[in-house]
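Here's the structure we're looking at; comments come further down.
The values are calculated or read from the model by the stated rules, or taken from the named source; none is laboratory data. Remember, predicted model here, so these are calculated numbers, not experimental data. For neighbour counting, all protein chains shown are included, and Cβ atoms are generated from backbone atoms with ideal geometry for every residue, glycine included. These area figures cover heavy atoms from the full protein model, side chains too; ligands, DNA and RNA do not enter into them. Shrake-Rupley method; radii C 1.70, N 1.55, O 1.52, S 1.80 Å.
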Amino acid sequence: QRSNVACHFHTTFVSLLSQLVASANHTDPFVAMVESTTPKERVLLYGNLVVDQIVELPAFPKEDTCQRALSSRRCVGGNGANSSRVLAQLAGSRSRRISWVGTVPRRTEAETTFALEELRINNVDTELLEEAGGDALPSTYVWVSLDTATRTMVSTRRGTPELSLRHFEEVVQRAFRDAPQHGTPSWCHIECRQPPAATMALLQAWLRESGKHGGSGKLSLELEKFWDLAELLPLIRLCDHVVVDQSFAERQLEHTQLIKEQLEVEEDPPMKRAKTEAPEAHPASRFLRALGKVLGTPAKGPGPCIVCTWGKEGSFALETGASKLTHQPAILQQKAVDSVGAGDTFIASYLHARLSGASTQASLHCGAAVAGRKVGQVGFTNLRSALPDELR
């Protein structure tokens, strides 16, 4: 009797196994639905998350005076948060998961809850954040002058530490491990918030883990703070793309001997005296050419593409391997309304274009189009409509 039961069990098991094997050649509707909603790629962005207190003024106040604000608002800001929201919006129906990486004091802190909900509403994943402790989420106080469309900012960390290397290493490993569910990590963008040595460790952590999985993941770096250029050169050489802003380039042109020496070699007396508006003579172009010479010939591959934004005068890029310089004029609006987050919008738009396979010129144009739209409005809504048709 026991033999008959065992035989029946074996027959039933074999039958079920045969059915499973046979069904493997057919598409299960549930499996198809899961596959269709699973992102194909994942983008990690490390940068700041803050709550902005924005005050609009007719004109920037003089010291020790009183002035009534035209309006004020509380919103989520920070380089990482802004770029993440814009990049997620630009993705549209593309199968792409945008993951913000950074620190908060704790998820339950009031300002943090407000900021994380804003990211969630805008389809930004926050599961890779670090609860680092501190009094409250960092804040930025922004004074917007309407007569010049400029903004002046004062920031405070409010006791929240910067991202730890240990946490970043863990989340990068986790991102690659979770690729079947959340998409293959294809790009990591890092804001150089910490000293060059600490930022170098973050870059290396990404490259090390990406290398274990084929090494195809791209790496970009955002430079705003005025670090010693000699310390930044090894970081720049590791990256595929580097974005700097006008203030960074101007400080390097004025204070960095390495750049000054290259400018002296490059410029002949007629160029120094020339009064020209040609892009080749623009300070951004001069800075990029000098930086390219300081970097030297890439050890392998095409070398980094270095982008320099310059407000109303557009953006410039140097493809270091080919020594090719590209300029994109700004796409100006009839009226500048709000420049807060315009630089972050440019970076997100540039990354979107690069992720979509666009050339350097097309990527700069994409950044100019979307950042221009941002300057013409308050906030980050409906920016996707400003995308060039081929990148929608």
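Couple of notes before you dig in:
- Some residue of region 99-109 being open to solvent by less than 70 Å² (accessible area, probe 1.4 Å), closer than 30 Å to LEU355 by Cα and assigned to a helix (DSSP H, G or I): no
- Summed over region 280-317, the residues that are farther than 20 Å from LEU238 by Cβ and open to solvent by 20 Å² or more (accessible area, probe 1.4 Å) give a count of 10.
Per-residue answers, yes or no, for (1) free of Cβ contacts under 8 Å to residues at least 12 places away in the same chain; (2) farther than 30 Å from GLU41 by Cα; (3) touching a helix residue (DSSP H, G or I) at 6+ places or on another chain (Cβ under 8 Å):
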residue: TRP100; (1), (2), (3): no, no, yes
residue: ARG106; (1), (2), (3): no, no, yes
residue: PHE114; (1), (2), (3): no, no, no
residue: THR152; (1), (2), (3): no, yes, no
residue: LEU163; (1), (2), (3): no, no, yes
residue: ARG174; (1), (2), (3): no, no, no
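- In region 352-373, the residues that are charged (D, E, K, R) reach residues that are open to solvent by less than 20 Å² (accessible area, probe 1.4 Å) and assigned to a helix (DSSP H, G or I) with C-beta atoms within less than 6 angstrom, at least six apart or across chains, in these pairs: ARG354/SER363; ARG373/ALA386.
- Test: residue in region 104-113 that is within 19 Å of the chain's Cα centre (by Cα) and either of a type outside the set (Phe, Trp, Tyr) or under 24 Å from GLY159 (Cβ atoms) (or both): yes
- One residue stands out in region 38-85 among those that are surrounded by fewer than 16 Cβ atoms within 10 Å (Cβ to Cβ), polar (S, T, N, Q) and part of a strand (DSSP E or B): the one that is farthest from the chain's Cα centre (by Cα), namely SER71.
- Across region 111-131, the number of residues qualifying as hydroxyl-bearing (Ser, Thr, Tyr) and touching a Ser or Thr at 6+ places or on another chain (Cβ under 8 Å) comes to 1.
- Flag for LYS225 being among the basic types (Lys, Arg) and over 24 Å from THR297 (Cβ atoms): yes
- Answer residue from region 125-146, given it is touching a strand residue (DSSP E or B) at 6+ places or on another chain (Cβ under 9 Å) and open to solvent by 60 Å² or more (accessible area, probe 1.4 Å) and is farthest from GLY311 (Cα to Cα) among those: GLU131
Yes/no per residue for (1) under 20 Å from VAL43 (Cα atoms); (2) open to solvent by less than 20 Å² (accessible area, probe 1.4 Å):
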residue: ALA336; (1), (2): no, no
residue: VAL340; (1), (2): no, yes
residue: ALA348; (1), (2): yes, yes
residue: HIS352; (1), (2): yes, yes
residue: LEU355; (1), (2): yes, no
residue: CYS366; (1), (2): yes, yes
residue: VAL370; (1), (2): yes, yes
